[in-house]
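The values are calculated or read from the model by the stated rules, or taken from the named source; none is laboratory data. Nothing here was measured: the structure is a model prediction, and the numbers come from that model. Glycine also receives a Cβ, built like all others from the backbone with ideal geometry; neighbour counts cover every protein chain displayed.
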Amino acid sequence: MRYILAALRTNLLSAFEYRTSFLTQVFGMMINDSLWVSFWVLYFERFPVLNGWTRDDLLVLWAIITFSFGIAFGLFAQALRLSELITQGQLDYYLALPKNVLLQILLGQVRPSNLGDLFFGPILLAIFVPMTWAKWGLFLLGGTLGAVVYLAFFVMAGSLAFFLGSSEGIASGIGNALIHFSTYPTRIFDGWTRVLLFTLIPAGFIAEIPVDLVRSFEFRDLALLIVAAIGFSGLAVAVFNRGLARYESGNLMSLRS
Amino acid sequence: MTEAIKLFEVARITLRSRWRYLWDMVGSTLFLGVVLFVFVRLWTVTYAASGGTGAIAGFTLRQMIWYLVATETIIMSMIPIHRSIEREIKDGDVAIRLNKPLSFLGYHWSVFIGEGVLKALILVLVGGVVAFLMVGPIEFSVLSVLPLLLTFVLTATANFFFGALIGLLAFWTEDITGFYFIFDRLKWLLGGFLMPITLFPEWLQQVVVWLPFPLMIYRPAELAVSFEFSKWLELTWKQLLLVAALWLVAQMLYRSGVRRLDVNGG
């Protein structure tokens, strides 16, 4: 844990060196998120209820997914580049380091624009949604567990490169599908799509259960979310390790500063 | 005239070079299928809750989905021109184009249109198949194909100059990300990218009618789903005026930016 905190601190300080760029990206993403939320505000102005969901539920959804996304890809941004790193043989650098390979890859970079997402979620809630301390606690917990599911999914998608070779297009395609599904209320889907959203494309664990926790807490939902987060991250580590055993060096002759 | 021939040649060469990677482009547009699937579910639920299959704000469910195919085609067919221009300014590559017998903005416009036309054709094909399978066809006249193609080129041109204006800000600022997010997402929201502006509250409809954004997304997309020659004529002259205004501002911005350009080394 101390290692993770130290790595994050170093990465954040390093990104903050380019102060104007850092702040522009953070605020830029917050504006981007605000305008997406504005779309939903306009939607609910016209159609006040969507399958039992109101405007406030949608605001909670956007607060949670941006917070989760911010943790996952603001702080552990290299998960988005995993496929590229594997394909180009750039894991060699991490193999020579003493800590866990996957952990070091994930901790390789912070992305300021996604840190904007991280800040946006709590600010949105604080301004527009009446919250109690208990709800804040559930928001933080649900959002963090959602981030674990996001990360696990992207690690699995990126690890496909171990088995398929160059697969950046596929990895980003299925990653975008998860992001897209998670930005809409999953209750608009039914039948097999809902099964899909709790298995192959686990948007339900990011966009539905954490929101339900904040709306009306049930222990069963929390237990399900914890099990899903542990299950998906265990699966992601297993897939990555299985793939790593097949990894062949890129013989990349370059220096990494 | 020679300038026009050069621009046409750049667009043609871009189209031919992208054609070599046709299947890669088709693969990258498959995400549109996911987007449309989600939209179909959202609007099916919305229309059902509003009492059935009638029209909402002038759109039936079927027209709404085809409208979204059109808006996605407009937006997804565009290459991120602001990034290309920003990169050239930051790296100093803009200096290489200064001594070429082709204007800087003209060159980028040709590349933008060349790639955009090919991408749009693929997107219409992929989006059309998904929409056809999920909600069925809409009325469409073959006679509207040519006018709509011209509308697409004018729409893409307006969007090009809008993106170029953001990119040209790199002459003055270290990072254009913030400007891009503000202006581009405003265009999305107020231009009717995610839903027709006729669904907006009355007061907002009164505001957006004075903004350029609906001419860049809503009006061409609405024209594609319910084509009328009189609407096309009206849209065309408004788009021509918009393009002329954006071109003028972009030219001024470019000339003023080049004057303060310092390029070191080579």
Notebook entry, point to check: Only one residue in A:Gly173, A:Gly204, A:Gly165 is closer than 26 Å to B:Phe39 by Cβ and surrounded by fewer than 19 Cβ atoms within 10 Å (Cβ to Cβ). Which one?
Noted result: A:Gly173
Check: From the residues in segment A:177-193 that are free of Cβ contacts under 8 Å to residues at least 12 places away in the same chain, at the interface with chain B (Cβ under 8 Å from one of its Cβ atoms) and surrounded by fewer than 22 Cβ atoms within 10 Å (Cβ to Cβ), which one is farthest from A:Leu35 (Cα to Cα)?
Finding: A:Thr193
Check: Can you pull out the residues in segment A:108-132 that are out of contact with any helix residue (DSSP H, G or I) (no Cβ under 7 Å at 6 or more places or on another chain) and modelled with pLDDT under 95?
Finding: A:Ala126, A:Ile127, A:Pro130, A:Thr132
Next item on the list: Would you be able to tell me the number of residues in segment B:156-212 that are away from chain A (no Cβ under 12 Å) and either free of Cβ contacts under 8 Å to residues at least 60 places away in the same chain or of a type outside the set (A, V, I, L, M, F, W, C) (or both)?
Entry: 10
Next item on the list: Residues being in a loop (DSSP other than H, G, I, E, B) and within 22 Å of B:Tyr67 (Cα to Cα): count how many of those fall in segment B:95-146.
Entry: 6
Checklist line | Within segment B:167-188, considering residues that are of a type in the set (A, V, I, L, M) and surrounded by fewer than 22 Cβ atoms within 10 Å (Cβ to Cβ), the one modelled with the lowest pLDDT | finding: B:Ile182
Notebook entry, point to check: Picking from A:Phe205, A:Phe163, A:Phe217, which residue would you name as being more than 10 Å from chain B (Cβ to nearest Cβ), under 14 Å from A:Leu61 (Cβ atoms) and touching a residue at least 24 places away in the same chain (Cβ under 8 Å)?
Noted result: A:Phe205
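To keep it simple, each residue is scored yes or no on (1) away from chain A (no Cβ under 11 Å); (2) among the β-branched types (Val, Ile, Thr); (3) in contact with a strand residue (DSSP E or B) (Cβ under 9 Å, 6 or more places away or on another chain); (4) surrounded by fewer than 20 Cβ atoms within 10 Å (Cβ to Cβ).
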site: B:Val35; (1), (2), (3), (4): no, yes, no, yes
site: B:Thr44; (1), (2), (3), (4): no, yes, no, yes
site: B:Gly54; (1), (2), (3), (4): yes, no, no, yes
site: B:Thr60; (1), (2), (3), (4): yes, yes, no, yes
site: B:Ile74; (1), (2), (3), (4): yes, yes, no, no
site: B:Ser84; (1), (2), (3), (4): yes, no, no, yes
site: B:Ile89; (1), (2), (3), (4): yes, yes, no, no
Next item on the list: Test A:Thr66 against the criterion of being surrounded by fewer than 21 Cβ atoms within 10 Å (Cβ to Cβ) and either more than 10 Å from every other protein chain (Cβ to nearest Cβ) or in contact (Cβ under 8 Å) with a residue 12 or more places away in the chain (or both), and give yes or no.
Entry: no
Note to self: If I filter segment A:221-235 for residues that are modelled with pLDDT under 90 and over 15 Å from the mean Cα position of the chain (by Cα), do I get at least one hit?
What the structure shows: no
Item checked: Any helices (runs of 4 or more DSSP H) falling wholly within segment A:7-101 and containing at least 2 residues that are in contact with a Phe, Trp or Tyr (Cβ under 7 Å, 6 or more places away or on another chain) and modelled with pLDDT of 90 or more -> A:19-46, A:55-70
